[in-house]
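Written out below as structure tokens is the structure these notes cover.
The values are calculated or read from the model by the stated rules, or taken from the named source; none is laboratory data. This structure is a prediction, so every number in the text was calculated from the model and none was measured. Please note: Cβ atoms are built from the backbone with ideal geometry, for glycine as well, and neighbour counts cover all protein chains shown.
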2 protein chains.
Amino acid sequence: MSVLEPVVSTALPGPKSLAAAESLGQVFDTRAVSITCDYDKSEGNYLVDVDGNRYLDVYSQIASIAVGYNNKHLVAAASSHEMVSALVNRPATGNFPSPAWHNALKDGLMKVAPPGMKYIFTAQSGSEANELAYKAAMMLYQRRKRGSAEWSAEETESCLENAKPGSPELAIMSFANSFHGRGFGSLSTTRSKAVHKLDIPAFNWPKAPFPALKYPLDKHVEENKAEEERCLKAVEELILTWPSPVTAVIVEPIQSEGGDNHASAAFFQGLRDVTKKHGVAMIVDEVQTGFGSTGKFWAHEHWNLTSPPDLVTFSKKAQTAGYYFGDELLIPDKAYRQFNTWIGDLARVLVSKAIIEEIQAGDLVAQTARVGELLYAEIEKLAAKYPGKLTNLRGKGMGTYIAFDTPDAAKLVAAMRKLGIMIGSCGKNTIRLRPMLIFTEKHIPQLIGALDQAVSQL
Amino acid sequence: MSVLEPVVSTALPGPKSLAAAESLGQVFDTRAVSITCDYDKSEGNYLVDVDGNRYLDVYSQIASIAVGYNNKHLVAAASSHEMVSALVNRPATGNFPSPAWHNALKDGLMKVAPPGMKYIFTAQSGSEANELAYKAAMMLYQRRKRGSAEWSAEETESCLENAKPGSPELAIMSFANSFHGRGFGSLSTTRSKAVHKLDIPAFNWPKAPFPALKYPLDKHVEENKAEEERCLKAVEELILTWPSPVTAVIVEPIQSEGGDNHASAAFFQGLRDVTKKHGVAMIVDEVQTGFGSTGKFWAHEHWNLTSPPDLVTFSKKAQTAGYYFGDELLIPDKAYRQFNTWIGDLARVLVSKAIIEEIQAGDLVAQTARVGELLYAEIEKLAAKYPGKLTNLRGKGMGTYIAFDTPDAAKLVAAMRKLGIMIGSCGKNTIRLRPMLIFTEKHIPQLIGALDQAVSQL
């Protein structure tokens, strides 16, 4: 990967960026616009804005660019006849698929299916993928309860009234500080910030505590173990006592939006054990962690679980979305229960296939594991150099999925941007690194140099 | 538009179609697969399957193909540099848009914005668009209630617990037999069929009766008027008595999935009046009716409302999704409240722009109005010829958005398919016509000839 120089030669945002946002603002809410970009001039790890400023991008469009701007292999896939057809002749995939659909799944997303996952259901966003997984878990729960009985008239009639027994009170458990999306169901499981949730009705679903680990890990072994045990006990207690059946637990391998909160493999094995014990589906939300950035293709592969999760959802770096599963009972008892007009988008599934090919051809997951170790070591040095300004460093052994706390994350993000580094924050005062999978050893000095300078001025 | 001959030369589904579905079935639920298609051989109004059978397609991928298979103008748009960039460099649109985003909106979706609608929020599916509209209406309701007060600590803390007051009980009203999608919020407003809703928890939201009109309309003027008044009274009664505030009413101009149920312009004007009177947002769900098939670009333009709806949602033929609105108070009080990683997809918005260009260049909405009149007249003759077999003909003056009831819709759909016509059903025993906007006078004889033959054999 070529190494370019970050260049910032205007105030930020620059005048052209501001003018573009003002113009767009006439029809579209632009208050969250950071900069207006020139994607034609962007390349690899470097994002260029309309004022000509060039940034080393370690935020990657909120962790959703895998293999770089204007990646040549992706450009080829996007220019293919197959892609043009997918864009122009968009099928109602559930009714009228083409052989291209099967080929794209077989040679793409199914090639990277997590161990134990044989089936896929596609979607268009992480939020939709999670909701589809919730529905699958709920239908499975009711199917087991119903046994071989047919749907009763009482059930089919009452559900049209949003009433019991057809519309039962069934729950999905999530963890404090989690983020699983913004649909009415996924938002009911999101627990990270009020800005996502305020004013929107929510289901009465349980929230379990997520371990609040202390760093450095090797100095808090017993405390952290006790903390994880406390959380697992709370999970089981909630399953046993919640007023409605808990049909699934959803968990992020690393809570991302909520502040890059980690837990140990032992915690997740415990979660697998307690969910199995009580017949609760375990959904692993790999929307942000999936596709290699933790140094394994799926973050949950770090856990070496004794049996796989029941459902694994994905989106972001996949550039499409959906869920994998292994148990065919998660296919509903009748057709058309999990269904919609498009069921995903072949065009985006083809992009996903090209990304997977690029990852495999470049062995980019292994590269990310290796580069992550080096990057972590460099940041560790900065943490020692600037005590109190760069704390709770986390993500060791998790590829480039590295984060730390700092007294004023927004200030540090702005300072880094002026130095030509696009970086992101999460949680309260956490900086999260989300470089692409093409971030290499060669890019480390630019990131570390800027970070050293910016932190020193905090 | 060229006229080809429908050809069916195999059993249906054909052997290659069956084999393809069996193969796909190893990783994907294929129980809803009708036929496996060869989109390279499909053209204009004609869909070709992998066995070489060619169908005149008046179902159009569940009403979502606007201007024909392999449309040349769309192929050009899909082959453009701009499209390749949109596919490869997918931005987090809310943070890092490009000028291409603004241009695509300005020269595309905003060109066809319904009267009175100045703003747009983009999405990826009709279901998501509706949920985003619900959230906008709910945030507006709470904003009015809160006045200039800041969010309270009680609100921001309780919403993380899914509890009041931060997660208030607010309702969205919909109509019996409506379909608005399958997310947890949109599904709570869907009331058409148990297969969509069973086993999924729902919000306690009100369901109003939708007028059950009698046909032919000119023979039931007084009865139908009374029926619509009864429904409007019920709407107002529910607004006044529902235990939680009704923040919005959502309505389809023609209930599609629920059986192609129509109501008069007077009914919708009445709905506008009662919603305005009580400060309830009126959301018009044009996911299926939008983009010209009723003989106007937006079906709600048939109503000549005294003031526009508050929000209009779209998807399907737009090949992307979202909602339009006119009142800037529907932009939430703070940034990041309506937000997600991608906020739509520039690639699909570019397809949408090309579709709009094609519609305008060919004056296809006016054509659809004209062709619809002729088609309706032909079906009217068949209704007279086959009393009891083709009843409740509806959609006069609504372009090609025509439907009728028949004793066994599934049987008629299968018979039509054997004659080379891909046709769809809805509701209980309704046949819905959903030809593309390029369906012309020349295609009518094929459709009517087959319908005559198939109905005669019922």
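In the condition set (1) within 28 Å of A:Thr241 (Cα to Cα); (2) buried (at least 24 other Cβ atoms within 10 Å of the Cβ), A:Asn162 is compliant with all but (2). Filtering region B:200-255 to residues that are out of contact with any helix residue (DSSP H, G or I) (no Cβ under 8 Å at 6 or more places or on another chain) and within 14 Å of chain A (Cβ to nearest Cβ) leaves B:Asn204, B:Leu238, B:Trp242, B:Pro243, B:Ser244, B:Gln255. Only one of the numbered conditions (1) closer than 18 Å to B:Asn340 by Cβ; (2) touching a residue at least 40 places away in the same chain (Cβ under 8 Å); (3) hydroxyl-bearing (Ser, Thr, Tyr); (4) not in a loop (DSSP other than H, G, I, E, B) is violated by A:Tyr141, and that is (1). Residue count for region A:109-120, restricted to those that are in contact with a Phe, Trp or Tyr (Cβ under 6 Å, 6 or more places away or on another chain) and either part of a helix (DSSP H, G or I) or buried (at least 24 other Cβ atoms within 10 Å of the Cβ) (or both): 1.
Of the residues making up region A:20-33, none is modelled with pLDDT under 95 and either crowded, with 18+ Cβ neighbours inside 10 Å or not assigned by the TED database to the domain that holds A:Gly420 (or both). Given the structure, is B:Lys106 free of Cβ contacts under 8 Å to residues at least 24 places away in the same chain, within 24 Å of B:Lys418 (Cα to Cα), charged (D, E, K, R) and surrounded by fewer than 21 Cβ atoms within 10 Å (Cβ to Cβ)? Answer is no for this residue.
In region B:372-404, the residue that is surrounded by the fewest Cβ atoms within 10 Å (Cβ to Cβ) out of those that are in contact with a Pro (Cβ under 8 Å, 6 or more places away or on another chain) and within 14 Å of B:Asp260 (Cα to Cα) is B:Leu393. Only one of the listed residues (A:Ser98, A:Ser80) is at the interface with another protein chain (Cβ under 9 Å from one of its Cβ atoms) and either farther than 15 Å from A:Tyr39 by Cα or without any contact (Cβ under 8 Å) to a residue 40 or more places away in the chain (or both). That residue is A:Ser98. Can A:Ala86 be described as more than 7 Å from chain B (Cβ to nearest Cβ) and in contact with a Ser or Thr (Cβ under 6 Å, 6 or more places away or on another chain)? For A:Ala86, the condition - more than 7 Å from chain B (Cβ to nearest Cβ) and in contact with a Ser or Thr (Cβ under 6 Å, 6 or more places away or on another chain) - is not met. Scanning region A:63-76 for residues that are touching a residue at least 12 places away in the same chain (Cβ under 8 Å) and surrounded by fewer than 22 Cβ atoms within 10 Å (Cβ to Cβ) yields A:Asn70, A:His73, A:Ala76. In this structure, is B:Pro407 touching a Leu at 6+ places or on another chain (Cβ under 9 Å), surrounded by fewer than 19 Cβ atoms within 10 Å (Cβ to Cβ) and either farther than 30 Å from B:Lys135 by Cα or within 14 Å of another protein chain (Cβ to nearest Cβ) (or both)? It is true that B:Pro407 is touching a Leu at 6+ places or on another chain (Cβ under 9 Å), surrounded by fewer than 19 Cβ atoms within 10 Å (Cβ to Cβ) and either farther than 30 Å from B:Lys135 by Cα or within 14 Å of another protein chain (Cβ to nearest Cβ) (or both). Candidates A:Leu74, A:Leu47: the one that is at pLDDT 95 or above and more than 7 Å from every other protein chain (Cβ to nearest Cβ) is A:Leu47. Right, B:Val27: more than 9 Å from every other protein chain (Cβ to nearest Cβ) and of a type in the set (Val, Ile, Thr) or not? Judged against the criteria, B:Val27 is not a match. Taken together, A:Asp310, A:Asp327 contain a single residue that is in contact with a strand residue (DSSP E or B) (Cβ under 7 Å, 6 or more places away or on another chain) and either over 19 Å from A:Phe268 (Cα atoms) or not hydrophobic (A, V, I, L, M, F, W, C) (or both), which is A:Asp310.
This table checks each residue for (1) out of contact with any Lys or Arg (no Cβ under 8 Å at 6 or more places or on another chain); (2) surrounded by fewer than 24 Cβ atoms within 10 Å (Cβ to Cβ).
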position	(1), (2)
B:Thr313	yes, no
B:Pro332	no, yes
B:Gln338	no, yes
B:Gly344	yes, no
B:Arg370	yes, yes
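On inspection, B:Asp51 passes the criterion of being more than 21 Å from the chain's Cα centre (by Cα), assigned to a loop (DSSP other than H, G, I, E, B) and crowded, with 20+ Cβ neighbours inside 10 Å.
Of all residues in region A:101-143, those that are of a type in the set (A, V, I, L, M, F, W, C), farther than 10 Å from A:Phe325 by Cβ and more than 10 Å from chain B (Cβ to nearest Cβ) total 3.
Note on region B:145-199: among residues that are β-branched (Val, Ile, Thr) and within 7 Å of another protein chain (Cβ to nearest Cβ), the one that is nearest to B:Asp260 (Cα to Cα) is B:Val195. Residue check: A:Pro407 meets all listed conditions (1) within 14 Å of A:Ala454 (Cβ to Cβ); (2) modelled with pLDDT under 95; (3) not basic (Lys, Arg) but one, namely (2). For the residues B:Val287, B:Val221, the requirement of being without any contact (Cβ under 8 Å) to a residue 60 or more places away in the chain, within 30 Å of B:Thr406 (Cβ to Cβ) and in the same structural domain as B:Ile120 (by the TED database) singles out B:Val221.
Number of residues in region B:204-235 that are under 19 Å from B:Thr275 (Cα atoms), surrounded by fewer than 19 Cβ atoms within 10 Å (Cβ to Cβ) and either of a type in the set (A, V, I, L, M) or more than 25 Å from the chain's Cα centre (by Cα) (or both): the value is 4. Which of the numbered conditions does A:Ser127 fail, given that it passes all the others? Conditions: (1) in a loop (DSSP other than H, G, I, E, B); (2) under 24 Å from A:Ile62 (Cβ atoms); (3) not acidic (Asp, Glu). Unmet for A:Ser127, out of (1) in a loop (DSSP other than H, G, I, E, B); (2) under 24 Å from A:Ile62 (Cβ atoms); (3) not acidic (Asp, Glu): (1).
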